[in-house]
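So the structure is just underneath, and the comments pick up after that.
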Amino acid sequence: MELIKGFLFLTVGILAATKIVPGVNLKNNITAFVVAAVYSVIHFFLFKILMFLSLPIVFLTIGLFTIVINAVLLWITDKLLDDFEIKSFGTTIIASLVISVVSIVLKYLFIWI
C-alpha cells in the first residue's frame, strides 16, 4: 500500500511541477503516470550509486546536493521520454524541488491512510 501511495504522490508532484514551473511540459495528464513510473525505476537503480559517489559533496553541503542528484534523475527521465519535456537544467532543479516538496507534504498529510 505504501508503494502505491508513494507512486500516486509522485504523480501528483509531477502534475504540480508542470502547472507551477514554466518550462516543464507533459503531453497529457496520463503521461504523468508514465513519468512517475520511469522516474521510480531510475531512482531505484541509480540513486544509491550516485549518493555513494557524491558522498563527500553531500556531506559538505549538509545534504543539499541530494537536490542535484534528484534533478539529474529527472533529467534522465526527460531524455528517455518523448512526451515529457524540461527546457533547461535549472528548470529541472526547480521541478525536482517542487516534486519533492509536494510528495513530502502529501506523505505527511495522508500518513494515517
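What follows draws every value from the coordinates through simple rules; no lab data is involved. Keep in mind the model is a prediction, meaning the values are calculated, not measured. Using ideal geometry, Cβ is built from the backbone for each residue, glycine included, and neighbour counts are taken over all protein chains shown.
Among the residues of the stretch 31-70, the ones that are of a type in the set (S, T, N, Q) and in contact (Cβ under 8 Å) with a residue 24 or more places away in the chain come to 3 in all. Taking the stretch 69-97 as the range and being among the aromatic types (Phe, Trp, Tyr) and under 11 Å from the mean Cα position of the chain (by Cα) as the test, only TRP75 passes.
Test SER88 against the criterion of being crowded, with 21+ Cβ neighbours inside 10 Å and either more than 19 Å from LYS19 (Cβ to Cβ) or not aliphatic (A, V, I, L, M) (or both), and give yes or no. In short, no.
Residues in the stretch 70-85 that are in a loop (DSSP other than H, G, I, E, B) and out of contact with any helix residue (DSSP H, G or I) (no Cβ under 8 Å at 6 or more places or on another chain): ASP82 only. Considered as a group, the residues in the stretch 20-33 that are among the hydrophobic types (A, V, I, L, M, F, W, C) and under 16 Å from LEU8 (Cα atoms) include one that is surrounded by the fewest Cβ atoms within 10 Å (Cβ to Cβ), and that residue is ILE30.
Among the residues making up the stretch 1-53, those that are of a type in the set (Lys, Arg) and farther than 17 Å from ALA95 by Cα are LYS5, LYS48.
When residues in the stretch 63-77 are screened for being surrounded by fewer than 17 Cβ atoms within 10 Å (Cβ to Cβ) and more than 18 Å from VAL101 (Cβ to Cβ), 1 of them pass.
Yes or no, residue by residue, for (1) over 11 Å from the mean Cα position of the chain (by Cα); (2) crowded, with 19+ Cβ neighbours inside 10 Å:
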site: GLU2; (1), (2): yes, no
site: LEU8; (1), (2): yes, no
site: THR18; (1), (2): yes, yes
site: VAL35; (1), (2): no, yes
site: PHE44; (1), (2): yes, no
site: PHE47; (1), (2): yes, no
